[in-house]
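Notes follow the structure.
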Amino acid sequence: MAKYPELENIFGSERVETGKRALSEFAHDQSFVAGKTPCCVVKPKDTEEILALVRLANEQRLSLIPCSSKPPRFRADTVPSVANAVMVDLSGMDRIVRIDARAKVAMIEPGVTFDQLQNAAHAQGLRVVMPLLPRKTKSVLGAYLEREPNTIPKYHWDMSDPLCCIEIVFGAGEIFRTGSAAGPGTLEQQWASKQAQKSPMGPNQTDFLKLVHGSQGTMGIVSWSTVKLELNPTVQESYLVGMASLDELLGFTYAIVKSRYTDEVLILNKLDLACLYAQSPSEITKLAGKLPEWILMYSIAGYRDLPEKRVQYLKLDIQDQAAKMGIDPVQNLASVSAVRVAELLTHASQDPYWKLRLKGACEDIFFITTLDRSPEFVAAVNEEARRAGPDAFQIGVYIQPIQQGRNVHMEFNLMYPSDDAATVKKVKALHKALSKRCMDMGGFFNRPYGPWADMVYKRCPDTVSALNKVKSIFDPNRVMNPGKLCYE
């Protein structure tokens, strides 16, 4: 006798999993958040099945937790906050529906990974705008919906970039398409008239994508999206700038980002760069010991038209800027090759995932601030870490200019051994203290995962009231990922 007959009517018995191993995989992740074990895992294959599931959830008041990436997971956004939830595993919906090379747009399902899309894009002379070395199992759509920063700020105009249009089944049980995908006409008719569902605004003057962006699956389930691609460089040169002080890098970083000279540009401390570049703990420790405290990495590129000339004039202009500021960009720093770093940035992380290579576990703190304030946050984090006392954890730092340099994604990576109970306890307390300290200093936590949600939303009750009204429209029965964010 079927345990969940209504679900099996939709998915068939082979795509409704109730085994202990399958359920335990979703009951927790790499974060400190304690979750609940789901009652089952369902695996949709298309929009119609997702629609049938959401409508069933409204009829029977089921809780649905959408998830598009495979493990390891880190943010607690897909860990059930309530008992007996249904996990909606979208990782099997992994088709690249189409790539429009002329419009530089791809239409993808939720389970498509970065390397999968990158390989398909490269075949057409294009490339994917990447976050910093995502894990191999990371969903492209999951990363873009959750506003993971990309490493090329000149392509980042709006926080939703490079996401374009989506098809979503809202919690109310209705299919909705945003932007130019809404019509007129079917998708096939739009394709026939050379449209590529690239404009995210609409329908009409409302940007419905913003309702879903960063919502951690609390509004509905996205069944496909269109994403922007960019031209693949035919000529590229990459450089590293090492400094003992972060302040020494700020003026030069502002100059090259403001002018949009660069493709990739980011700042790492020596620990994070060593973790990206090396594989084993011993290699990482050895490499970090050779590097300066702070490293700026940037690339300049030429594309289809006069690529060599473009790279040459960009290189000369940047050299002029660097000379005025006493900066010396190099292509090799210690034993790190800038070319190799640039190559790494175009793919997902090799196993083990780069944040886990040194200690085996990692907890992140990240928020938005401005580049000029980044040294203040580094000093505050170092001060809190010293108060915690010497221990087995180490802190990596990643600073990513976004929105063409108007602000930065500031990230601290607390790397620690998960098998040391005393250190785990200390890191958990430190993570909470650092989060509060950075929030009090004005860090904008625009992605409030897990315990950050209470810290953020307690400070803005008017926003909580407005969001609950929106939730009542698009998910009136609260079936979508209950317990997350600020919803009643």
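Each value in this text was obtained by applying a stated rule to the coordinates, not by laboratory testing. What you see is a predicted model; the values in this text were computed from it and never measured. Note that we place each Cβ from the backbone using ideal geometry, even for glycine, and neighbour counts take in every protein chain shown.
Which of the three applies to region 204-315, rounded, prolate or oblate, going by the alpha-carbon gyration tensor with a ≥ b ≥ c and a/c under 1.5 meaning rounded? Walk me through the numbers on the way to the answer.
On the way: a/c = 2.04, a/b = 1.32, b/c = 1.55.
Here region 204-315 falls in the oblate category.
Which of rounded, prolate, oblate describes region 96-231, given a ≥ b ≥ c as roots of the alpha-carbon gyration tensor eigenvalues and a/c under 1.5 marking rounded, otherwise prolate only if a/b is larger than b/c? Numbers along the way, then the final one.
On the way: a/c = 1.58, a/b = 1.17, b/c = 1.35.
Oblate is the answer for region 96-231, as a/c is 1.5 or above yet b/c matches or exceeds a/b.
Looking at N269, T253, F412, which one has the Cα that reaches farthest to the positive end of the dipole of region 235-440 (charges on Cβ: Lys, Arg +1; Asp, Glu -1)?
Highest projection toward the positive end goes to F412.
Within straight cross-link reach of K426, meaning Cα distance under 20 Å, which aspartates and glutamates are found once same-chain residues fewer than 8 apart are removed?
Hits, sequence-local ones excluded: D29, E363, D364, E383, E384, D391, E411.
Simple spin-label model, 7 Å along Cα-to-Cβ: A182 to D462 in nm?
Placing both labels 7 Å beyond Cα along the Cβ direction yields 2.7 nm.
Cross-link list K136/K194; K104/K359; K3/K469; K290/K315: which exceed 31 angstrom alpha carbon to alpha carbon? Don't skip to the end; give the middle numbers.
On the way: K136/K194 33 Å; K104/K359 40 Å; K3/K469 36 Å; K290/K315 27 Å.
Long pairs (Cα-Cα over 31 Å): K136/K194; K104/K359; K3/K469.
Quick one: length gained pulling V330 to A103 fully straight, 0.36 nm per residue minus the C-alpha distance? Can you show the working numbers first?
Numbers: separation 227, 0.36 × 227 = 81.72 nm, distance 3.57 nm.
Length gained between V330 and A103: 78.1 nm.
Given R₀ = 56 Å, FRET efficiency for R437-Q189 by Cβ-Cβ distance, to 0.05? Spell out each step's value before the answer.
On the way: r = 54 Å, r/R0 = 0.97.
According to the calculation, E is roughly 0.55.
Report the Stokes-Einstein translational diffusion coefficient (µm² s⁻¹, integer) for region 5-89, Rh taken as the Kirkwood radius over Cα pairs, at 25 °C with viscosity 0.890 mPa s.
On the way: Rh = 13.0 Å.
Calculated translational D: 189 µm²/s.
Net charge near M159, counting Lys/Arg +1 and Asp/Glu -1 over other residues with Cβ under 12 Å of its Cβ?
On the way: positive: R147, K210, R406, R447; negative: E146, E148, D158, D161, D207.
Neighbour charge sum, excluding M159 itself: -1.
Defining a contact as two alpha carbons under 8 Å apart and six or more residues distant in sequence, what relative contact order in percent does the chain show? Kindly include the intermediate steps, with their values, before the conclusion.
Numbers: 1002 pairs, mean separation 80.7, N = 488.
It comes to 17 percent, rounded to a whole number.
Can you work out the base-10 log of I(q)/I(0) for region 276-369 at q = 0.16, 0.24, 0.25 1/Å, using the Debye formula on its C-alpha atoms alone?
Values, matching the q order: -0.90, -1.31, -1.35.
Return M87, M130, M325, M201 ranked ascending by Cβ neighbour count within 10 Å, so the fewest neighbours appear first. Don't skip to the end; give the middle numbers.
On the way: M87 26, M130 23, M325 14, M201 18.
Taking fewest neighbouring Cβ atoms as first place, the list is M325, M201, M130, M87.
Where Rh is the Kirkwood radius over the Cα pairs of the chain, the temperature 4 °C and the viscosity 1.567 mPa s, what D in µm²/s does Stokes-Einstein return? Kindly include the intermediate steps, with their values, before the conclusion.
Numbers: Rh = 23.6 Å.
Reported coefficient: 55 µm²/s.
Note down the net charge around A120, summing +1 for each Lys or Arg and -1 for each Asp or Glu among other residues with Cβ under 15 Å from its Cβ. Let's see the in-between values first.
On the way: positive: R95, R98, K104, R127, K228; negative: D94, D100, E109, D115, E230.
Spelling it out: positives minus negatives among the neighbours equals 0.
Among M439, M93, rank each residue by its count of other Cβ atoms within 10 Å, from fewest to most, as a rough exposure measure. Please report the intermediate quantities before stating the final value.
On the way: M439 18, M93 23.
Ranked by crowding around the Cβ, least crowded first: M439, M93.
To two decimal places, what compactness ratio does region 260-310 give when its Cα radius of gyration is scaled by 2.2 N^0.38 Å?
Numbers: Rg = 15.0 Å, N = 51, 2.2 N^0.38 = 9.8 Å.
For region 260-310, the normalised Cα radius of gyration comes out at 1.53.
Between K210 and I175, what's the calculated FRET efficiency when r is the beta-carbon distance and R0 is 22 Å? Round to 0.05. List each step's numbers first, then the result.
Values: r = 19 Å, r/R0 = 0.85.
So, using R0 = 22 Å, E works out to roughly 0.70.
Using the count of nearby Cβ atoms within 10 Å as a rough guide to exposure, how do Y449, Y303 rank from fewest to most?
Numbers: Y449 21, Y303 16.
Going from sparsest to densest Cβ surroundings: Y303, Y449.
Loop only by DSSP, 15 or fewer other Cβ within 10 Å of the Cβ. Give me the trypsin sites (Lys or Arg not before Pro) in region 438-488 that pass, ordered by residue number. The partial results should precede the final answer.
Numbers: sites: K458, R459, K469, K471, R478, K484; in loops: K458, R459, R478, K484.
Passing sites in region 438-488 are K458, R459.
Given a cut-off of 16 Å, what percent of all Cα-Cα pairs of region 293-334 lie beyond it? Don't skip to the answer; put the middle values down first.
Working: 393 of 861 pairs.
It works out to 46 percent of all Cα pairs.
Pulled fully out, how much extra length does the chain show between Q279 and H122, if you take 0.36 nm times their separation in residues and subtract their Cα-Cα distance? Walk me through the numbers on the way to the answer.
Numbers: separation 157, 0.36 × 157 = 56.52 nm, distance 2.63 nm.
That works out to 53.9 nm of additional length.
Suppose each label sits 7 Å from its Cα in the direction of the beta carbon; what would the Q350-Q404 distance come out to in nanometres?
3.7
Mind checking which aspartates and glutamates have their Cα closer than 15 Å to the Cα of K198? Skip sequence neighbours fewer than 8 apart in that chain.
Within the straight-line cut-off, K198 pairs with D100, D158, D161, E167, E188, D207, E230.
If the reach is capped at under 16 angstrom between alpha carbons, list the aspartates and glutamates near K286, excluding any in the same chain fewer than eight residues apart.
Output for K286: D272.
What is the gain in length, in nm to one decimal, between Q319 and V235 on full extension, counting 0.36 nm per residue of separation less the C-alpha to C-alpha distance? Before the final figure, lay out each step's value.
Details: separation 84, 0.36 × 84 = 30.24 nm, distance 1.80 nm.
Separation in residues times 0.36 nm, less the Cα-Cα distance, equals 28.4 nm.
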